[in-house]
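Just below is one structure, and these are the notes that go with it.
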Amino acid sequence: MKYITEILAVCLFTVLFVAGAVAQVNPVYQRMLKNGWRYPFGNGFRKLAPAQLDAEACSSMGYDDTTVANLRKLNVDILGRWKTHDWDEKMWTALSDCIVTGTVSRIEHPSWPRPWFHTVAYVQVEQFLRNDYGLPKGEVAVVEVSGPTGRSGERVINIGEDTLSVGEHVLLFLGASSLITFASDNNMRDLYNHLINDPMISFELLAKYDIKSGAVFFKGRKESPSNVQEDVTTILNVIDRSLPTGK
């Protein structure tokens, strides 16, 4: 009996060990944990206030008080982002962990992680302006709420959501860590578990700039690509100088 008990204990340890190892598969989740972020609803669901959401975003990105203070000097108030949604490329840069220019190569409507996201757009990268995960120049996957539900003729349209179409030439501000915090903040446990256990990195679309005739357009505003890139570089330089060694 003691022998059987010992075997069961070893088996249980093995299962727990494997389960813990699987939860470490996603590189975004690994980086978030390294940054000090922790799943906020381990002891049951609770709704975070806007200021708490902003603080959680900083934690997931590895931004400490120094980073936040240095960004604020450039009028990028990460901890006060909930006060306004009139954001420019400086704020989008601080909120993104991946920024790319590229062309939408294909669209899929997978079975996961329904019932929330119904579309995955794949973007062939031309250039990374920010690349926190060291991704190669291939395709990046961007999830969208809008899309077919899988039921006959039924389709979800998320009002106000930026969507992508095959052939579009775009500059995208993307968030992988923000996708995970979105799932955790809304207590979407199935989506959250899918994301942290998936070795492939998926992104949510934070901001979409259309590239046309050598210019970029955002909500009807025309911008010079060089000006946008300068703003991105300015913010990244502040973040890189501010982040603690090893982040």
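Output the residues belonging to the range 81-102 that are over 19 Å from the mean Cα position of the chain (by Cα) and not basic (K, R).
The initial filter retains those residues of the range 81-102 that are over 19 Å from the mean Cα position of the chain (by Cα), namely 83-84, 86.
The answer is T84, D86.
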Worksheet item: Of the residues D231, D190, D210, D198, which is more than 30 Å from T66 (Cα to Cα) and at pLDDT 95 or above?
Response: D210
Worksheet item: Do we find that G175 is small (G, A, S), closer than 20 Å to T103 by Cβ and in contact (Cβ under 8 Å) with a residue 24 or more places away in the chain in this structure?
Response: no
Practice prompt. Using the structure shown, decide if L236 is buried (at least 18 other Cβ atoms within 10 Å of the Cβ) and within 20 Å of the chain's Cα centre (by Cα).
Written response: no
Discussion item. Within the range 141-156, take every residue that is at pLDDT 85 or above and among the hydrophobic types (A, V, I, L, M, F, W, C) and give me the one that is farthest from L172 (Cα to Cα).
Written reply: V145
Discussion item. Could you check the range 156-185 and list, in sequence order, the residues that are more than 13 Å from the chain's Cα centre (by Cα), surrounded by 13 or more Cβ atoms within 10 Å (Cβ to Cβ) and of a type in the set (A, V, I, L, M, F, W, C)?
Written reply: V156, L164, V170, L171
Worksheet item: Within the range 188-247, how many residues turn out to be under 20 Å from V170 (Cα atoms) and either of a type outside the set (A, V, I, L, M) or free of Cβ contacts under 8 Å to residues at least 40 places away in the same chain (or both)?
Response: 25
Response to the item:
By residue number, the members of the range 84-137 that are of a type in the set (S, T, Y) and at pLDDT below 95 are T84, S111, T119
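The values are calculated or read from the model by the stated rules, or taken from the named source; none is laboratory data. Please read all numbers here as calculations on a predicted model, not as lab measurements. Cβ coordinates were reconstructed from backbone atoms using ideal geometry, including for glycine residues, and neighbour counts include every protein chain displayed.
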